[in-house]
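A.B. asks: Quick one: structure below, then a few questions.
The numbers here are math on the coordinates, done by the rules we state, and not lab data. Everything quoted here is computed from the prediction, not taken from an experiment. Cβ placement follows ideal geometry from the backbone for every residue including glycine, while neighbour counts extend to all protein chains displayed.
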Amino acid sequence: MADDLGSAFRLPFAERAGIEITAASKDEVRGRMPWREDLCTLGGILHGGALMTLADTVGAACAFLNLPEGASTATIESKTNLLRAVRGGVVEAVAAPVHVGRTMIVVQTDLRDEQGRRVALTTQTQAVLVPSP
């Protein structure tokens, strides 16, 4: 994962899925995940859950970078449209904030294959969790 996120955003599950954060700022987070046979359904198609894991990871990183100091976040809603099968290569993800508010952050993540074709589009809502005084 990108050094920008440091150890505060180490996600063992995402690492096991082969997800790599390649660029990270408050305005945009980019990540990628290679096709792997162990992440597929029948016929060598990348599982929708694997795509959703990529979107959730990159989207959560985007939300994390938009949090106020001392706050944390948790996904409270996520909706993914799976649009195209992935049978090889690498899936690229780009997440950007749609809304950054006091109690929630909404992020949209676009997933594309190596040919630049959209394979999924995810919108997720992240709670802004501020510790009690």
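A.B. asks: What is the extension gain from R87 to V106, computed as 0.36 nm multiplied by their sequence separation minus the C-alpha to C-alpha distance, in nm to one decimal?
C.D. replies: Here the segment from R87 to V106 would lengthen by 3.9 nm.
A.B. asks: Take the alpha carbon gyration tensor of segment 94-133, find the square roots of its eigenvalues, order them as a ≥ b ≥ c, and report rounded if a/c is under 1.5; if not, report prolate when a/b exceeds b/c, else oblate.
C.D. replies: It is prolate, given that a/c is not under 1.5 and a/b is the larger ratio.
A.B. asks: A further question on this structure: Which cross-chain or sequence-distant (5 or more) residues have an amide H under 5 Å from the amide H of W35, H modelled 1.01 Å from N in plane?
C.D. replies: Under 5 Å from the amide H of W35: G89, V90, V91.
A.B. asks: In whole Hz and in residue order, list the ³J(HN,Hα) couplings for segment 88-100 that follow from phi through the Karplus curve 6.51 cos²θ - 1.76 cosθ + 1.60, θ = phi - 60°; x for Gly and Pro.
C.D. replies: So the Karplus estimates, Gly and Pro as x, are x, x, 10, 9, 9, 10, 10, 10, 9, x, 9, 8, 10 Hz.
A.B. asks: Turning to a different aspect of this structure: State to the nearest 20 debye the size of the charge dipole of the chain about its Cα centre, where the only charges are +1 on K and R beta carbons and -1 on D and E beta carbons.
C.D. replies: Rounded to the nearest 20 debye, it is 320 debye.
A.B. asks: Follow-up question, since we're still on this one. Please provide three numbers in whole Å: the alpha-carbon extents of segment 5-74 along the principal axes, with the largest listed first.
C.D. replies: 45, 19, 17
A.B. asks: Kindly provide the Kirkwood hydrodynamic radius of segment 3-129 in Å, to one decimal, from all pairs of distinct alpha carbon atoms.
C.D. replies: Mean inverse Cα-Cα distance, inverted, gives 14.5 Å.
A.B. asks: Using only the alpha-carbon atoms, how far is helix 48-65 inclined from the longest principal axis of the chain? Give it as 0 to 90 degrees, nearest 10.
C.D. replies: Tilt of helix 48-65: around 30 degrees.
A.B. asks: Here's another thing I want to ask about it. Stretched out fully, how many nm does the piece from D27 to I45 gain, at 0.36 nm a residue minus the Cα gap?
C.D. replies: That works out to 3.4 nm of additional length.
A.B. asks: Let me ask another. So between E69 and R16, what do we pick up on full extension, going 0.36 nm a residue minus the alpha carbon distance?
C.D. replies: Gain in length upon complete extension: 16.2 nm.
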